[in-house]
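These notes concern the structure reproduced below.
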Amino acid sequence: MAEQFKKLTDFEHARLRTEMYFGSREEHTQPLMDFDGSTLAMRDYTWVPALFTAFREVVDNAMDEVSIKGHGDAVRVDYDPKDMVFTIEDNGRGIPIDEKPELGKGPAASILLGEARAGRNFDERGEVAGANGIGAATTNFTSEWFQLDIWRNGKHFRQKWEEGRYGGKEIHKTQGPSITKGSASRRGTRIQFKPSAKVYSKMALPLEFVRARMWDLAVANPEVKVYFNGERLILPSTKDPLKSLYFLNRAVPMIETITTGFKGRFYVCPDFAEQDEIVQSVVNNIPMLQGGSHTDAFRKLFYTAVIEALTPLAKKERLTLTREDISQGLLIFNVTRMDDARFDGQPKTRLVSEVQAKIKDGFVESDVKSLIRRNPEWVEKVLDRCRRRTGAKELREITKAQNAMQRSKVATLADATGRDRRNCVLFLAEGNSAISGMRNVRNPDIHGGMALRGKIMNVYEETPKAVIENKVLADIMAAIGLKVGISPLRDGLRYGAVFIATDEDEDGKNITALLVNFFYKFWPDLFRDQDHPFIYKFSTPFIIAQKGSTRKYIYSHDYAQFQADLAKDKYKGWEVIRAKGLSRLTQDDWKHSLENPALVPIVDDGKLKESLDLIFNKGRANDRKKWLEHE
């Protein structure tokens, strides 16, 4: 097949390849800020981006004339979504209507609005939006009709373009131009147009969407009178009308970055919506609905500053804040004026200028600290999101680790062999020498023994992750069948009871208290059945008295009576052995202790939680001191 070449006119190309100039002609849906004149909220809008760009290009020119160039003080926009007719008017100087030799023959306005690549901002651009010379002309090319009225120097200029066909081809017809006498006091430019249904098969552009964007222009340009559909968008007479109107009754700081050729105002509203972070911006009066390099740079600095400011609070709970903890529901609204703004293309949906250094130079961290001070409820929500995220992540890690832990063999465990595990008892004994004596005389069918190696962790302020990473505690959980975060069923455990066996000294008492604290923090249900306790303190003889083949065992709770008897010479001729440590017990001593266990059940009498808090809460040092003095 032979190659076919074509040369299209600017008019034909704009209508055939509209996406190059104005973006997609398909419907696009996005949540956006919506201000209806009284309330600022989020709203899902569906619109055709190319259609909005066509409208915006004409508005850009009007705002450039009034806001940037400083000629005139009012911009009027009317929009009829039923007939799809737009009217944009400013009271600036009016587009030049005289012939300009540098443009060619004919009125300058006819060339500027009727031909592509003709404009005024190709060189020294400053803060203007229109800079490529194709925007409003392409709006003309893609319209069913497009009418231009200019009042300048006492003259009224009018020209109208329409789509048409001639010889089987689409053509751009024109009526005029005509120049008549006009009002000496009137000046400015008015453009009316109706987008072509031949170009835009879909005409979605909600009235509320357009009105909200006009409000954005109004608050970004308080010096300009902005009208929409005959109604002036009135701003409050305050130092910062945007803040007073959009963020009334909200603690919203304005973080300003000012450097050479750049002025950005960033309004940060915490806890604005339920969805993820919302970022909207207006750059040189163009809505940046996809953000840009300026908002990216600001967000990076802002989130870093918030994380640094909140880290001391997070560290108290062993939390690590992330950007996602802060960004949820956060609104960042920006208004920027800058020189030589560069965009992602003619549709101008995103700023691509290199402004990171400018943002950094103007960023003030004290503004972020002010936001934190004035929004304590938001700070708590940020920390709470971090808690939930950390908890969910740790839970996954813990579940995985505990599943592996349950499958592993506990090296220090001499397991009981009985099938009915409810009758089995696990001895947690202080040290290898202690447990070895018990192992030699135990009934392996019901007695299991485990030596506690190393210090017992104080779990009062520890995270579940830290606990399962502790070898001693992990072995205890694996031996019994306990899992952090899962309430145990007694019948499902590997042992029906736990006996804590320690030396009869202060260290032994500390070990017992630490183990009770461990069990109670993660499985308080184990202490609630007073009829069938699960945790016991297993007491061994404190004093052993022997005379001939007779051995008599005195426990710590009998010690006072023993001393009284000793004073009365009731143990004259007896050998008295102080068996403070478990390692001092002989096999016969262990056999006696197992056959006649001296047990103290540890159950929750309603005061256990308070007692453990008093003992292990670091913040109650003074309370502990008073308690010990009283004791």
Give the residue, chosen from Y536, Y559, Y520, Y571, that is more than 60 Å from the chain's Cα centre (by Cα) and not in a loop (DSSP other than H, G, I, E, B).
Y559
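Tell me which residues, restricted to the range 431-454, are over 14 Å from S593 (Cβ atoms) and at pLDDT below 85.
Going residue by residue through the range 431-454, those that are over 14 Å from S593 (Cβ atoms) are 431-433, 436, 444-446, 448, 450-454.
Passing the criteria: G431, N432, S433, S436, R453, G454.
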Does K173 satisfy being basic (K, R), in the same structural domain as E27 (by TED's automatic domain parsing) and under 27 Å from R15 (Cβ atoms)?
yes
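Output the number of residues of the range 437-487 satisfying the condition of being part of a loop (DSSP other than H, G, I, E, B), farther than 30 Å from G619 by Cα and not small (G, A, S). Walk me through it before giving the result.
Restricting attention to the range 437-487, the residues satisfying the condition of being part of a loop (DSSP other than H, G, I, E, B) are 442-446, 453-463, 469-470, 481-487.
In the following step, the residues that additionally are farther than 30 Å from G619 by Cα were identified as 442-446, 481.
Going one step further and asking which of them are not small (G, A, S), we end up with 442-446.
Total meeting the criteria: 5.
State whether the residues of the range 454-467 include one that is small (G, A, S), more than 20 Å from R318 (Cβ to Cβ) and buried (at least 20 other Cβ atoms within 10 Å of the Cβ). Step through it out loud before you land on a result.
Step one: of the range 454-467, the residues small (G, A, S) are 454, 466.
Now narrow it down to the ones that are more than 20 Å from R318 (Cβ to Cβ): 454.
Checking which are buried (at least 20 other Cβ atoms within 10 Å of the Cβ) leaves us with none.
No - not one qualifying residue is present in the range 454-467.
Residue by residue, here is whether (1) crowded, with 17+ Cβ neighbours inside 10 Å; (2) without any contact (Cβ under 8 Å) to a residue 40 or more places away in the chain; (3) over 46 Å from the mean Cα position of the chain (by Cα) holds:
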site: K591; (1), (2), (3): no, no, yes
site: L594; (1), (2), (3): yes, no, yes
site: V600; (1), (2), (3): no, no, yes
site: G606; (1), (2), (3): no, yes, no
site: L614; (1), (2), (3): no, yes, no
site: N617; (1), (2), (3): no, no, no
site: D623; (1), (2), (3): no, yes, no
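Name the residues in the range 74-121 that are of a type in the set (K, R) and either modelled with pLDDT of 90 or more or in a strand (DSSP E or B) (or both), would you?
First, pick out the residues of the range 74-121 that are of a type in the set (K, R): 76, 82, 93, 100, 105, 117, 120.
R76, K82, R93, listed by residue number.
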Positions within the range 180-203 being surrounded by 18 or more Cβ atoms within 10 Å (Cβ to Cβ), of a type in the set (A, V, I, L, M) and assigned to a loop (DSSP other than H, G, I, E, B), in sequence order:
V199
Quick check on my filter: what residues within the range 368-427 are under 22 Å from V252 (Cα atoms) and free of Cβ contacts under 8 Å to residues at least 12 places away in the same chain?
R373, P376, E380, D384
Residue pairs meeting the criteria (Cβ under 7 Å; at least 6 apart or on separate chains; first in contact (Cβ under 8 Å) with a residue 12 or more places away in the chain and at positive phi, in the range 565-589; second not hydrophobic (A, V, I, L, M, F, W, C) and not in a helix (DSSP H, G or I))
G573/K547
Only residues in the range 2-14 that are buried (at least 16 other Cβ atoms within 10 Å of the Cβ) count as the first member; pair them with residues that are among the β-branched types (V, I, T) and at pLDDT 75 or above, Cβ under 8 angstrom, at least 6 apart or cross-chain, and list the lot.
F11/I171; A14/T138; A14/T142
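Out of curiosity, is G37 within 41 Å of the chain's Cα centre (by Cα), touching a residue at least 24 places away in the same chain (Cβ under 8 Å) and either in the same structural domain as A218 (by TED's automatic domain parsing) or over 26 Å from I111 (Cα atoms) (or both)?
On the way: within 41 Å of the chain's Cα centre (by Cα): yes; touching a residue at least 24 places away in the same chain (Cβ under 8 Å): yes; either in the same structural domain as A218 (by TED's automatic domain parsing) or over 26 Å from I111 (Cα atoms) (or both): yes.
It is true that G37 is within 41 Å of the chain's Cα centre (by Cα), touching a residue at least 24 places away in the same chain (Cβ under 8 Å) and either in the same structural domain as A218 (by TED's automatic domain parsing) or over 26 Å from I111 (Cα atoms) (or both).
The values are calculated or read from the model by the stated rules, or taken from the named source; none is laboratory data. Keep in mind that what you see is a predicted model, and the values were worked out from it rather than measured. Note: ideal-geometry Cβ built from the backbone for every residue, glycine included; neighbour counts use all protein chains shown.
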